[in-house]
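Structure record follows, encoded as structure tokens.
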Amino acid sequence: MPILKIIAVSLVGLMLGACAETQFLMHTAKRMKKDQQASHYKIGNPYQINGVWYRPAEDWNYDETGIASWYGPNFDGKPTANGETFDQWQASAAHKTLPLPSIVRVTNLENGRSLVVRINDRGPYARGRIIDMSRRASQMLGFEAKGTARVRVVILAKESRASAERLKAGRVVRADDMPAINSENLSKEPVASKPLGEIKTASIEPVELPTISPAAKVGELASVPVSPTGIYIQAGAFSDLTNAEKVLANLEKLGNAVISPVQTGGRELFRVRLGPISRVEEADMLLEMISEIGYPNARTVVEKTTIN
């Protein structure tokens, strides 16, 4: 009799364990199905945060340098901007204007770590940041403890387009999404319309990276050689040199201000920048000051420099 009781208890235990496991698997499957149904391709309408306008668009040539930050604990398990569930332990990121989702390569210009991530959220909205990495992505890039890093963000056009087409084919595009804004009409160097001795000029070289295999997968980490860089605050880019000179005169009292000519879209623009700056904290303070004195679209950039 005791043996029969033992066997009965064991069977009940196994049944309960099986039920618990089945419930867990069903819950997991439901969550995966929910995430799959919620995920959709999204560009979105222009929107305003803290007085600054952002215009989401398909930009298959996106290539920008700046400061990255990371986010995680307060958002883990919550919906992202395109309806997915944010998981801080997955290699993902948030961006202000690129389509959701997009596949990008983020390279830490301080240590040479280069990571492919999937953008599925909007942000960051702190001044002076171009991308917000998930906690896991920041660990892989080596800046979780520091909090920020100088980075280069390059869209992987082939992978991003393929992802977009798959989602579009599944008819998961939200009806209230705006059509893509023509990126050819949106210059990366917006011409500042507000006008403000001897002109200081600087030859500011773009950050160059070696070519990495185009067959990149999300979560793939590579190591590349990088060169020393400087941080700059760009007050604006002007088609009129006279306007650039006036802005330069306003900024010189804050530090080393220079005019940096550049050819873009078949025309010459005169970028007014302050720097180089060695620390992110100092750059943040200068960016805030420049914004408050009349240049709300000022931004932080990272580049190699050679002062003439």
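For E282, are the conditions met, namely being in a helix (DSSP H, G or I) and loosely packed, with under 15 Cβ neighbours inside 10 Å?
Yes, satisfied.
Please work out if I204 is of a type in the set (A, V, I, L, M, F, W, C), modelled with pLDDT of 90 or more and either part of a strand (DSSP E or B) or buried (at least 21 other Cβ atoms within 10 Å of the Cβ) (or both).
For I204, the condition - of a type in the set (A, V, I, L, M, F, W, C), modelled with pLDDT of 90 or more and either part of a strand (DSSP E or B) or buried (at least 21 other Cβ atoms within 10 Å of the Cβ) (or both) - is not met.
Which of (1) over 25 Å from the mean Cα position of the chain (by Cα); (2) assigned to a loop (DSSP other than H, G, I, E, B); (3) among the β-branched types (V, I, T) does V226 not meet, given it meets every other one?
(1)
Here's the yes/no breakdown for (1) buried (at least 19 other Cβ atoms within 10 Å of the Cβ); (2) hydroxyl-bearing (S, T, Y); (3) at pLDDT below 95:
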| residue | (1), (2), (3) |
| --- | --- |
| S102 | yes, yes, no |
| V116 | yes, no, no |
| I119 | yes, no, no |
| R129 | yes, no, no |
| D132 | yes, no, no |
| R136 | yes, no, no |
| Q139 | no, no, no |
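Evaluate the following for E189: is it surrounded by fewer than 16 Cβ atoms within 10 Å (Cβ to Cβ) and either at pLDDT 95 or above or not hydroxyl-bearing (S, T, Y) (or both)? Write out each step before concluding.
On the way: surrounded by fewer than 16 Cβ atoms within 10 Å (Cβ to Cβ): no; either at pLDDT 95 or above or not hydroxyl-bearing (S, T, Y) (or both): yes.
In short, no.
The values are calculated or read from the model by the stated rules, or taken from the named source; none is laboratory data. Everything numeric here is computed off the predicted structure, so don't read it as measured data. A quick note on method: Cβ atoms are made from the backbone with ideal geometry, for glycine too, and the neighbour counts reach across all protein chains shown.
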